[in-house]
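A.B. asks: Could you have a look at this structure, given as structure tokens, before my questions?
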Amino acid sequence: MIRVIVMDDEPLALINMEKKLEEFDSIEVIKTFTTVKELMAEGPNLSFQVAFLDIEMPGMNGLEVAHLLQEWNPNIYIVFVTAYRDYAIQAFEIHSLDYLLKPISKARLETTINRIQALFHQEKKSLPVVDQQISLLTIQCFGGFVVSYDDKTVLWRTVKTKELFAFLFSNLNSLIPRDTIIDALWTETDYKKARVQLHTTVSYLRTTLSTLGYLDVIQYANGCYILQLEDFQCDAYDLEQILNEKMESGRLNIEKAEALIQKYQGEYMATLDYPWIISKANYMNNQFTLLLHDLEAHYTAINDVKKREHILLLAFEHNPYSDKTIQQLMQHYIDIDNRASAVKIYNKFRDTLLNDLEILPNQETTELFNALSQEL
């Protein structure tokens with residue numbers, strides 16, 4: 001179905017146009033408008049592909065409305081409906097699809113609908129096919145936030161478009177109130193301006209995702225937005241899946257865990273300066289710490305000294321202020337009779353605490369170091 005809106009300041013003309021369009025099985029009229037105020041209030045939250053616009057309207061004429069719609073979404077097709085020929089040149093200058101003169105015959109309208117269908121058929125053929133087996137969309141969350149499609153980094157129309165996707169993706173499949181998004185992403189912006197910016201950014205994001213073959217994955221209902229995305233690869237979701245499987249079965253999938261560790265590039269969205277990410281980042285970083293703990297226990301149990309050391313060093317990098325981690329790493333070096341490395345890593349830990357936090361290692365860590373020093 002091709003989703004359509006219709007706008008005309010004359011109610012009878014609006015009803016007549018809606019009836020004519022609904023005679024076509026491929027057309028769904030999702031909303032009609034008589035004023036620009038109505039369009040501004042509801043239009044940005046609607047998902048539609050074609051707008052039928054009357055040109056002669058008070059306040060903002062159809063040509064101006066067309067510019068507004070194309071700012072929201074440059075992929076929207078515009079069809080002008082008017083009783084006047086005078087605007088034809090201006091209409092086609094803004095790349096309208098068609099220009100219909102009132103009264104409109106069914107045959108003339110059918111020509112327009114056929115043209116729309118042909119364009120949509122051509123677009124559908126050119127869209128990338130989302131493979132159910134091989135996810136071409138890759139989302140890296142650890143170390144930053146990098147979205148790639150077919151091994152090419154996705155380019156965002158604006159910085160806010162990327163941030164909005166990061167926010168919605170962090171709350172995937174959850175209904176998020178519009179005002180919650182505004183409070184998170186447009187904290188210092190006037191509320192009315194923030195709403196307009198949100199609507200514009202949502203349109204940009206929908207367009208970007210649509211070009212990748214992900215259609216209608218952002219929905220708006222009852223004042224809330226929701227991102228429902230499938231067929232993607234993400235390190236953060238791989239981590240949660242590994243830990244959930246371990247919780248259910250009681251066994252860690254070592255192969256999957258090692259594959260995830262190899263791709264690890266830093267803390268959750270570490271390069272992003274988004275205040276709203278702090279809570280989610282703390283949770284995901286703790287989840288990663290749990291995975292490292294489980295892997296360390298596994299390598300200890302099978303006496304794989306090399307892999308145990310690698311995991312402990314990664315744990316220290318992941319949390320450079322953890323006394324528990326440094327104690328494990330020092331004890332590991334003591335167990336393999338590499339006391340020099342134990343002393344070196346302790347000194348590094350102590351310097352980090354002093355420089356960053358102006359504190360010293362706890363008593364247990366200090367006692368382990370003192371005992372080690374006496375043996376040297």
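A.B. asks: Counting only Cα, what are the radius of gyration and maximum Cα-Cα distance Dmax of region 235-375, in Å?
C.D. replies: My reading of the Cα-based Rg and Dmax gives 16.3, 49 Å.
A.B. asks: Need the list of aspartates and glutamates near LYS306 for cross-linking: C-alpha distance under 18 angstrom, and skip anything on the same chain fewer than eight residues off.
C.D. replies: Candidates past the 8-residue exclusion: GLU255, GLU258, ASP294, GLU296, GLU317, ASP335, ASP337.
A.B. asks: Quick one: length gained pulling LEU46 to ASN286 fully straight, 0.36 nm per residue minus the C-alpha distance?
C.D. replies: Full extension from LEU46 to ASN286 adds 82.6 nm.
A.B. asks: Moving to a separate point now. Checking the cross-link filter: which lysines have an alpha carbon closer than 18 Å to that of LYS307, excluding same-chain neighbours under 8 positions apart?
C.D. replies: LYS256, LYS263
A.B. asks: So who's got an amide H within less than 5 Å of the one on TYR225, skipping anything under 5 residues away but keeping other chains? H placed 1.01 Å off N, in plane.
C.D. replies: For TYR225, whose amide H was placed from the backbone, the distant partners under 5 Å are ILE176, ARG178.
A.B. asks: Which FRET efficiency, nearest 0.05, do LYS324 and MET1 yield, Cβ-Cβ r, R0 51 Å?
C.D. replies: 0.30
A.B. asks: Any chance you could count the Lys pairs in region 2-126 whose alpha carbons are under 17 Å apart, treating pairs 8 or more apart or on different chains as valid?
C.D. replies: 6
A.B. asks: Here's something else I'd like to know. In the chain, with Lys and Arg counted as +1 and Asp and Glu as -1 at Cβ, which of these residues, TYR204, PRO11, GLN287, has the Cα nearest the positive end of the dipole, that is, farthest along it?
C.D. replies: Toward the positive end, the furthest listed residue is PRO11.
A.B. asks: Assigning unit charges at the beta carbon (Lys, Arg +1; Asp, Glu -1) and nothing else, what dipole magnitude in debye, to the nearest 20, does the chain show about its Cα centre?
C.D. replies: 580 debye
A.B. asks: Now for a different question. Which number comes out as Rg/Rh for region 157-230 once both Rg and the Kirkwood Rh are worked out on C-alpha atoms?
C.D. replies: Checking Rg against Rh, the ratio lands at 0.94.
A.B. asks: Report for the chain the percent antiparallel among DSSP-assigned beta bridges with both residues inside it, nearest 5.
C.D. replies: 35 percent
A.B. asks: Based on the Cβ-Cβ distance from ASN355 to LEU155, what FRET efficiency comes out when R0 is 35 Å, to the nearest 0.05?
C.D. replies: Approximately 0.35, to the nearest 0.05.
A.B. asks: Over the C-alpha atoms of region 2-126, what are the Rg and the largest Cα-to-Cα span, Dmax, in Å?
C.D. replies: Spelled out, the Cα radius of gyration and Dmax of region 2-126 are 13.4, 40 Å.
A.B. asks: Helix-only mean residue ellipticity at 222 nm, the chain, DSSP H runs n ≥ 4 weighted -39,500 (n - 2.57), per residue, nearest 500. What is it?
C.D. replies: -17500 deg cm²/dmol
A.B. asks: Evaluate the charge dipole of region 130-250 about its Cα centre and quote only its size in Debye, nearest 20, assuming +1 on the Cβ of each Lys and Arg and -1 on the Cβ of each Asp and Glu.
C.D. replies: 700 debye
A.B. asks: Related question: Please compute the length gained on full extension between ILE336 and ASN114, using 0.36 nm multiplied by the number of residues separating them and subtracting their Cα-Cα distance.
C.D. replies: 72.3 nm
A.B. asks: With θ set to phi - 60°, apply the Karplus curve 6.51 cos²θ - 1.76 cosθ + 1.60 along region 336-342 and write out the HN-Hα couplings as whole Hz, x wherever there is a Gly or Pro.
C.D. replies: 9, 6, 10, 5, 4, 5, 4
A.B. asks: What residue among LYS344, LYS263, LYS20 shows peak mean-square fluctuation when the chain is described by a Gaussian network model with Cα springs under 10 Å?
C.D. replies: For the chain, modelled as a Gaussian network with Cα springs under 10 Å, the answer is LYS344.
A.B. asks: Cα extents of the chain along the three principal axes, largest first, in whole Å?
C.D. replies: 99, 44, 33
Bear in mind that the values in this text are calculations on the coordinates, not laboratory data. Computed from a prediction, not measured in an experiment: that's the story for all the values here. So basically every Cβ, Gly included, is an ideal-geometry build from the backbone, and we count neighbours across all protein chains shown.
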